DNA sequence: CTCACTGAAAGGTGTTACCAATGGTGGGGA
DNA sequence: TCCCCACCATTGGTAACACCTTTCAGTGAG
């Protein structure tokens with residue numbers, strides 16, 4: 001059976017267990033490795049051509065994300081989605097890369113709808129002067145790019161603005177969602193859920209949010225953000241998989 | 001300094017690295033090990049009397065939570081709070097156990113205020129018949145216990161009701177916050193932030209939420225939950241550390 | 001035929017020793 | 001003074017081993 005190193009991706013800076021971790025994480029979150037499926041350390045060693053140490057470390061990481069449990073004699077068992085740590089950045093990443101993509105995108109969007117309005121309100125209270133200035137600046141730039149239909153740079157600004165709002169909220173739990181929101185916005189564009197040209201309402205609402213936050217009007221900021229996200233949710237509705 | 005095994009808790013089912021992980025996690029989140037502080041595997045081995053393997057595995061775990069980074073030749077460096085994975089259950093647990101307790105409680109409460117109203121609305125749409133029935137049942141029981149001033153079992157029901165709502169929402173991101181909400185409610189009671197006898201308004205609002213969800217009136221459920229949480233936030237205000 | 005005991009095997013847990021890679025530090029030369 | 005290079009501390013990775021828990025099959029008694 002020989003050694004036959006698989007060498008996933010020529011070890012491009014990725015520290016060995018990282019590649020193994022990625023491979024297994026993807027397979028489990030994609031459902032290729034169904035819940036209840038059993039793994040063994042020996043199996044992992046053989047399959048990826050790594051040492052026991054590496055196999056054990058990746059297994060520990062998977063376990064700490066709730067993707068597997070490890071028990072003596074019985075081995076490593078794949079866990080059902082309900083016990084996955086869905087806020088773990090890598091889990092989110094894997095799910096967005098796999099077949100669960102639009103389900104994940106939908107539940108994350110619902111999370112955004114919950115969090116971002118309050119984050120905007122908090123930002124209106126807590127943001128620094130520089131942050132407020134940057135916000136209105138961003139909204140203006142977004143209008144320019146949006147009206148000229150340049151989707152990629154528009155998305156970058158969109159990400160920057162929402163990230164800035166979360167950061168400015170001063171709540172660490174909100175700040176920690178920065179990457180999630182960025183991933184959602186990127187995924188949404190990649191999935192073609194954006195119109196060719198951002199709708200004028202969205203541009204207006206971004207403006208409104210920025211100005212409200214800058215002016216410290218937290219209620220206005222909250223409702224504007226709520227309307228903005230309602231817009232986003234409606235734009236997403238077309239790909240509903242369940243009842244129409 | 002010698003060997004001096006620390007033996008945190010006589011290995012009661014905890015698999016060795018778990019005790020080391022807990023000890024280090026607590027120290028880092030508590031700030032005892034300040035950001036920038038350097039650790040080495042040898043140091044961990046010596047201090048806890050464990051083998052290199054165990055030291056390495058715990059270090060990987062800490063790294064995957066963003067508490068440290070590990071680089072060759074440099075060693076293991078404690079990271080600042082900004083890079084911690086604050087949705088990681090163990091990180092939340094450690095912070096609630098340490099001096100950052102009320103800061104953590106406050107930011108988590110703000111998260112609840114964002115999420116739970118939408119979760120209630122979703123529950124009003126998605127809950128099963130059994131879940132709806134259980135909700136009104138719980139609200140009734142809470143009223144009984146609340147009016148008789150039995151705080152501990154009241155808290156248990158409170159936790160059960162909010163957990164049920166999150167679960168019934170059908171959104172995995174909301175469901176995953178079940179433990180967080182439970183921890184907040186428990187922490188709030190332990191910290192003495194609850195009045196001796198739950199205020200009548202709170203009891204009424206729990207009732208209202210339950211009935212609205214049971215009836216499928218998602219807007220009513222959302223606003224009732226919002227008012228309930230406003231109540232909670234106000235009860236929490238007294239211990240504000242910053243500007244009043 | 002069923003149930004309880006027993007023993008072996010499977011597979012994670014923990015330890016040790018060793019070599020490879022890497023990047024900071026300090027010394028030496030221009 | 002400044003730059004380059006060699007050294008070495010420290011993690012990354014491999015290998016081989018002892019140990020302990022848990023499962024499971026086989027066996028014997030009732």
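The values are calculated or read from the model by the stated rules, or taken from the named source; none is laboratory data. Being a predicted model, the structure only gives us computed values, none of them experimental. No Cβ is skipped: glycine too gets one built from the backbone with ideal geometry, and neighbour counts run over all protein chains shown.
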>> Restricting to region A:69-113, and then to whatever is within 16 Å of DNA strand C (Cβ to nearest atom) and assigned to a loop (DSSP other than H, G, I, E, B), can you tell me which residue is modelled with the highest pLDDT?
In response: A:79
> Within region A:16-24, can one find any residue that is part of a loop (DSSP other than H, G, I, E, B), modelled with pLDDT under 95 and within 15 Å of DNA strand C (Cβ to nearest atom)?
Replying inline: yes
> Is it the case that some residue within region B:124-136 is within 13 Å of chain A (Cβ to nearest Cβ), modelled with pLDDT of 95 or more and surrounded by 21 or more Cβ atoms within 10 Å (Cβ to Cβ)?
Replying inline: no
>> Against the conditions (1) under 29 Å from residue B:87 (Cβ atoms); (2) surrounded by fewer than 18 Cβ atoms within 10 Å (Cβ to Cβ); (3) more than 14 Å from every other protein chain (Cβ to nearest Cβ), where does residue A:178 fall short? Just the number, please.
In response: (3)
> In region B:44-59, how many are under 15 Å from residue B:70 (Cα atoms), more than 12 Å from chain A (Cβ to nearest Cβ) and away from DNA strand D (no atom under 11 Å from the Cβ)?
Replying inline: 0
>> Restricting to region B:182-226, name every residue that is under 23 Å from the mean Cα position of the chain (by Cα), part of a helix (DSSP H, G or I) and loosely packed, with under 15 Cβ neighbours inside 10 Å.
In response: B:190
>> Can you pull out every residue in region A:25-44 that is in a helix (DSSP H, G or I) and within 14 Å of DNA strand C (Cβ to nearest atom)?
In response: A:41, A:42, A:43, A:44
>> Just to be sure before I move on: is residue A:118 in contact (Cβ under 8 Å) with a residue 12 or more places away in the chain, within 13 Å of another protein chain (Cβ to nearest Cβ) and in contact with a strand residue (DSSP E or B) (Cβ under 9 Å, 6 or more places away or on another chain) in the structure I sent?
In response: no
>> Based on this model, can you work out whether residue B:53 counts as under 26 Å from residue B:104 (Cβ atoms), at pLDDT 95 or above and in a helix (DSSP H, G or I)?
In response: no
> Name the residues in region A:76-92 that are buried (at least 17 other Cβ atoms within 10 Å of the Cβ) and more than 12 Å from every other protein chain (Cβ to nearest Cβ), would you?
Replying inline: A:76, A:78, A:79
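Per-residue answers, yes or no, for (1) at pLDDT below 95; (2) over 21 Å from residue B:104 (Cα atoms):
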residue	(1), (2)
B:178	no, no
B:201	yes, yes
B:208	no, yes
B:216	no, yes
B:227	no, yes
B:232	yes, no
B:235	yes, no
>> Being outside any helix (DSSP H, G or I) and within 15 Å of residue B:116 (Cα to Cα) is the filter here; which residues of region B:146-181 pass it?
In response: B:169, B:170, B:171, B:176, B:177
>> within 16 Å of DNA strand D (Cβ to nearest atom), crowded, with 20+ Cβ neighbours inside 10 Å and within 20 Å of residue B:89 (Cβ to Cβ): which single residue out of A:67, A:62, A:108 fits that description?
In response: A:62
